[in-house]
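Participant: Shown below is the structure under consideration.
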Amino acid sequence: MAASPLPFSALPWTPALASALADASAALARLDARVCASSLAPGWKLRASWTGYAAALHLQHSQIEEIDIIAERCGLRLPARPVPRTEDEPFAAYEPWLAALHEPESRHWSDGLPFTFDAPAGWHDAPALIRALTLLDLSARADRTMGPWLAFPLILRRMDLTRAALPCMVAGDAAQRTLRDARPVLLKRLLKQVARAAQDGLERLDRLEGATRRAAAAIAAEHRPGKLTDLARIALTRPCLAARTLAPAIGITISGAGKLLERANHLGLMAEISGRESWRTYVTPDIATTLGLRPADRGRPPLGNKAPPEVGDILRSFDAEMAEIEARLARLGIGGDD
C-alpha cells in the first residue's frame, strides 16, 4: 500500500505559499463581508449555488455547465443547447445540498466527514484556511463522489472562516485523488482557486446589485409600470424566464407575459437569448453577462437623470432677468461693491 501523502497542515511554509494564503484569506473575507451586508444576499446565494454546483460537476468530469443548471432549475429548455444526459442523475444532489447550506450554524465541522478524524501532523499550528483545505483533501480521497467538493462551503462556515455559507466557494482539484502533483504545488493551486472563486463571487454580487439598481430606476421612470415590479421581484430568484413560466407566477395570460417580457427587454431589465420570433427565452442582465451572452459594462456608470427641459428653460430665463436687472442698476449707479 502506498504511503499516505503529507497533509497540507504539515507542509513547510514558503514565501509563495504564504502569499497565496494571504490573498485567498483576504478575498474570502471581502466576499463574506459584502454578502452579509447585502440586501440581495438571498438572490446572490441562489445564483452562487448554481455556480458552485457546476464547479462540483466539472470536478466529476461532467459536461453539464452552469447554464444547463440554470435552465433545469427554472424549468426551461434553452435553444441551441443539447438536453443534458441525466442517466446518472446529475442534479439529484442539488436540493439536499441547498438545504444543508441553510442549516443551523450549531453543527461542528467534523459532522458528516466521510472518514474518522484524527488530527494530522501540524494541525494545531496550521492557519484555519489550511485546516479547511486539509479536510477537503482527506475527504476527497475517502469519498469519490461530488460530496467533498460540495461540502467545502459548509466547512468554511463551520470553522468560522465565513459567517455565511457561500455556495460559490466549491473548491477541489483532480490531483487530490490522483496524487500526481507535488503537495506544495497542489496546495498553492487550491489557494489560488479559493481566491479566484471569492473574487468571482464578489464580481457577480456587484453585477446583481448594479442590475437591480438600474431596474429600479427604469421602473421608477415609467409612467405606468404595471407588472414590471412583479417581474423584477420574480427575476431575483428566477432569472431565466419565458412567457409560459412567467404567466402563472404573476396571474396574467401567456400573451400578456410575452408582451411584458418584451417591454422588460426594451428597458434593459431582461435580455432575450433565444433569437426566436416566438416562445422567446429571457435572462436577467447579470446572468447574461455571467454566461458570456452579453459583454460586461465598461467605463463609468451612466449619469443620473438630467433635469427636465422645462426646468432648464426656467433657470436660463431667471439668469437672463437677473443680468438685465443688474445692468439697469449699474446704469443708475446703484449696486456694485460699495
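The values are calculated or read from the model by the stated rules, or taken from the named source; none is laboratory data. It should be emphasised that the depicted structure is a prediction, and the values quoted were computed from it without experimental measurement. Cβ atoms come from the backbone with ideal geometry, glycine included; neighbour counts cover every protein chain shown. Heads up: the accessible areas ignore ligands, DNA and RNA and are worked out on the full protein's heavy atoms, side chains in. Shrake-Rupley method; radii C 1.70, N 1.55, O 1.52, S 1.80 Å.
Participant: Examine the range 15-23 for a residue that is under 30 Å from residue 127 (Cα atoms), assigned to a helix (DSSP H, G or I) and among the polar types (S, T, N, Q), and state whether such a residue exists. It would help to see each step written out before you state the result.
Facilitator: Here is the first cut: in the range 15-23, the ones under 30 Å from residue 127 (Cα atoms) are 15-23.
Filter once more, so that each one left must be assigned to a helix (DSSP H, G or I): 15-23.
Next, from what is left, pick out any that are among the polar types (S, T, N, Q): 19.
Yes.
Participant: Let me ask another. State which residue is modelled with the highest pLDDT when the search covers only the range 83-110 and only residues that are of a type in the set (Asp, Glu) and within 20 Å of residue 52 (Cβ to Cβ).
Facilitator: Of everything passing the filter in the range 83-110, 95 is modelled with the highest pLDDT.
Participant: Related question: State whether one or more residues within the range 48-62 are of a type outside the set (Phe, Trp, Tyr), open to solvent by less than 50 Å² (accessible area, probe 1.4 Å) and more than 28 Å from residue 179 (Cα to Cα).
Facilitator: yes
Participant: Sticking with this structure for a sec: Does residue 102 fit the bill of being of a type outside the set (Ser, Thr, Tyr), open to solvent by 90 Å² or more (accessible area, probe 1.4 Å) and touching a residue at least 60 places away in the same chain (Cβ under 8 Å)?
Facilitator: Yes.
Participant: Can I ask one more? Tell me the residue from 134, 116 that is touching a helix residue (DSSP H, G or I) at 6+ places or on another chain (Cβ under 9 Å) and of a type in the set (Ser, Thr, Tyr), please.
Facilitator: On inspection, the qualifying residue turns out to be 134.
Participant: Sticking with this one: What residue, among those in the range 3-14 that are open to solvent by less than 30 Å² (accessible area, probe 1.4 Å) and part of a helix (DSSP H, G or I), is farthest from residue 185 (Cα to Cα)?
Facilitator: The residue in question is 9.
Participant: Moving on. Just name the residue that is most open to solvent (accessible area, probe 1.4 Å) out of those in the range 145-160 that are in contact (Cβ under 8 Å) with a residue 40 or more places away in the chain and assigned to a loop (DSSP other than H, G, I, E, B).
Facilitator: Taking the candidates together, the pick is 145.
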